[in-house]
1. Taking C:Glu154 as the residue in question, decide whether it is more than 22 Å from the chain's Cα centre (by Cα), assigned by TED's automatic domain parsing to the domain that holds C:Leu335, within 30 Å of C:Leu327 (Cβ to Cβ) and assigned to a helix (DSSP H, G or I).
2. State which residue is nearest to A:Ala4 (Cα to Cα) when the search covers only the range C:130-161 and only residues that are in contact (Cβ under 8 Å) with a residue 40 or more places away in the chain and within 9 Å of chain A (Cβ to nearest Cβ).
3. Only one residue in C:Ile278, C:Ile295, C:Ile270 is surrounded by fewer than 13 Cβ atoms within 10 Å (Cβ to Cβ), in the same structural domain as C:Ala184 (by TED's automatic domain parsing) and among the β-branched types (Val, Ile, Thr). Which one?
4. Please enumerate the residues belonging to the range A:99-120 that are at the interface with chain B (Cβ under 8 Å from one of its Cβ atoms), assigned to a helix (DSSP H, G or I) and not hydroxyl-bearing (Ser, Thr, Tyr).
5. Please find, among B:Ser37, B:Ser61, the residue that is facing another protein chain (nearest Cβ under 7 Å) and touching a residue at least 24 places away in the same chain (Cβ under 8 Å).
6. Do we have A:Leu44 as more than 7 Å from chain C (Cβ to nearest Cβ) and under 17 Å from the mean Cα position of the chain (by Cα) here?
7. Out of C:Asn303, C:Asn276, which single residue is within 21 Å of A:Ala91 (Cα to Cα), away from every other protein chain (no Cβ under 14 Å) and of a type in the set (S, T, N, Q)?
8. May I ask you to list the residues in the range C:230-253 that are crowded, with 24+ Cβ neighbours inside 10 Å and in contact with a strand residue (DSSP E or B) (Cβ under 7 Å, 6 or more places away or on another chain)?
Amino acid sequence: MTIASIVLSTGLVLVLMGIWVMLTQRNILRIIVGFMLMGTGSHLVIVAIGYVSNGTAPIIDGGLSLAEAPTRSVDPIPSALAVTAIVIGLAVTAVMLAYAIRLYQAKQTLSIDAFTDSKW
Amino acid sequence: MLELLIYMLCGGILASGLLAVRLKSLLAAAVSTGLASLFAAVCYLLLGAPDVAMTEASIGSGLSTIIFLYAIHKTTNARE
Amino acid sequence: MAELVGSIAILIGAVFLFSAGLGMLRMPDAFTRIQAGTKASTLGNIMVLVGIAFHHPDWTLKLVLIAYFVLMTNPVSSHELARAANTILGRAAHSPAADAQRWPAMERDVMRRGAAIVLLASLGVIFATIALNYSQRSSLPELAAAYLDLVPRELGAPNVITGILLTYRAFDTLGEVAVLFMVAAGVGLLLGAGGKERDDVQAGIRRSLQETPSTEIVQNGAKILVPLIAIFAAYIVMHGHLGPGGGFQGGAVMASCALLLLLATPNYRIKLAHLNFIESLAGLLIVVVGIAGIILANGFLDNRVLPLGEFGAFFSAGAIPVLSVLLGVKVGCELSVIIERFRA
């Protein structure tokens with residue numbers, strides 16, 4: 001199998017694992033672990049899509065001259081998107097963990113079954 | 001050669017993801033998630049995306065694991 | 001023939017929908033009205049969609065999706081309406097305790113797990129189709145080739161990704177930095193707010209941290225490593241346009257440096273007011289550079305406000321190093337604020 005297919009399949013399997021953990025675990029922190037796994041998997045998928053056969057990094061220096069850049073480098077756009085996505089993933093994880101801490105301080109338990117009352 | 005490395009790294013990613021799902025201890029699950037991020041960072045380097053590799057290594061397997069450990073510390077009542 | 005079957009299905013659906021409307025007008029009670037409104041209208045909807053599928057067979061997939069959405073949302077919304085009516089009208093007949101008696105815990109777990117397995121199986125089929133039909137590229141798409149040509153030529157930056165992130169898509173980068181700022185403020189709101197109980201908790205944490213100081217390895221190691229990590233962060237940020245690196249990576253490494261400081265000296269409390277001031281100042285300067293781009297060059301956050309210089313030199317690529325530094329400072333400050341809020 002080609003390199004991009006291997007990494008793409010790994011990323012998709014990680015996404016499935018993350019979704020499984022988010023659906024079946026009862027501890028809030030384990031649900032957040034599932035979210036982080038799903039995030040890592042989806043970033044793998046994004047970067048795998050940009051790989052070109054025998055490609056190298058899109059940086060014009062001694063290894064890659066300007067003339068041969070359009071034929072030998074990988075796609076720079078998914079890399080740029082993945083950089084943004086990773087930082088935003090960390091930000092969302094931080095907010096989720098802050099909420100988990102506050103929920104624990106409110107009810108002294110981390111099981112999601114304890115939070116069943118709706119707002120009204 | 002490159003394919004062999006990618007196979008090994010993807011195997012490592014899946015193994016640490018499986019560990020993060022199945023381990024009983026929450027601390028070990030968090031560290032396994034960081035390990036999966038680390039393998040993914042090396043994968044990005046081999047896929048020709050060094051910027052993404054640096055970002056994933058420092059944020060995914062560094063800061064993300066650390067704030068998770070802080071959150072675990074604050075939500076266990078086995079203190080004092 | 002198929003059109004006749006389809007028309008009969010649409011007629012049946014219309015009859016059910018009419019009965020739903022009639023029921024909502026004539027039923028005596030809130031709960032019976034809700035029942036008439038959802039049960040009959042769901043069936044009527046799906047019959048009409050089936051009839052349309054007979055008339056236009058190539059729309060079948062979309063119609064199945066619409067039917068799926070109707071099936072997913074109608075019961076949920078009627079359930080919430082019924083709960084609202086129950087709360088407002090004050091009847092205690094439906095309560096979580098009564099629900100728990102109706103569905104014992106083990107059956108609920110089995111149903112939950114079964115639903116999860118069904119969802120994951122369907123997602124697995126979709127993902128397998130994607131993964132099997134994907135073939136690795138052998139040539140770049142047009143937009144990528146255009147970026148690889150434009151960034152070294154027009155912007156003078158050897159690193160194409162930094163050129164994209166800090167000039168062509170710089171507005172997205174500014175939005176992402178705004179999201180990080182919002183997250184730092186939100187974490188501060190959730191974890192840093194006052195209240196006497198929280199003050200006691202924080203004092204207890206500080207006392208326990210003082211009683212168990214960090215070990216010698218961490219302290220001596222931090223004395224050597226913190227300046228090195230800070231220099232490394234500055235190097236990554238300032239060489240972002242020449243090699244791999246840039247604002248985000250350097251900011252994350254800067255936050256790791258702050259984290260090492262916090263781990264080595266547990267008594268140290270970062271002055272959050274200073275960090276907030278530096279971060280806001282960096283954000284303001286980014287917007288000032290952007291507006292200078294509108295006035296002096298081609299657009300917002302265009303990098304040609306400063307001279308492009310020689311390709312590959314340290315001071316080159318216009319305003320990209322300046323933007324990298326400001327971005328790195330801002331991201332580093334925001335991540336340090338988040339870590340400090342989590343620590344204390």
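The values are calculated or read from the model by the stated rules, or taken from the named source; none is laboratory data. Since the structure is predicted, the reported quantities are computational estimates derived from the model, not experimental observations. Glycine also receives a Cβ, built like all others from the backbone with ideal geometry; neighbour counts cover every protein chain displayed.
1. Working: more than 22 Å from the chain's Cα centre (by Cα): yes; assigned by TED's automatic domain parsing to the domain that holds C:Leu335: yes; within 30 Å of C:Leu327 (Cβ to Cβ): yes; assigned to a helix (DSSP H, G or I): yes.
Criteria met by C:Glu154.
2. Out of the qualifying residues, it is C:Ile161.
3. Details: C:Ile278 fails: surrounded by fewer than 13 Cβ atoms within 10 Å (Cβ to Cβ); C:Ile270 fails: surrounded by fewer than 13 Cβ atoms within 10 Å (Cβ to Cβ).
Result: C:Ile295 is the single residue among C:Ile278, C:Ile295, C:Ile270 that is surrounded by fewer than 13 Cβ atoms within 10 Å (Cβ to Cβ), in the same structural domain as C:Ala184 (by TED's automatic domain parsing) and among the β-branched types (Val, Ile, Thr).
4. Taking the range A:99-120 as the starting set, the residues that turn out to be at the interface with chain B (Cβ under 8 Å from one of its Cβ atoms) are A:100-101, A:104, A:108, A:110.
Okay, now just the ones that are also assigned to a helix (DSSP H, G or I), so A:100-101, A:104.
Once the filter is applied, which keeps residues that are at the interface with chain B (Cβ under 8 Å from one of its Cβ atoms), assigned to a helix (DSSP H, G or I) and not hydroxyl-bearing (Ser, Thr, Tyr), the range A:99-120 yields A:Ala100, A:Ile101.
5. None of the others qualify; the one that does is B:Ser37.
6. On the way: more than 7 Å from chain C (Cβ to nearest Cβ): yes; under 17 Å from the mean Cα position of the chain (by Cα): yes.
Yes; evaluated as a whole, the condition is true for this residue.
7. Working: C:Asn303 fails: within 21 Å of A:Ala91 (Cα to Cα).
None of the other options fit; the residue is C:Asn276.
8. C:Gly240, C:His241
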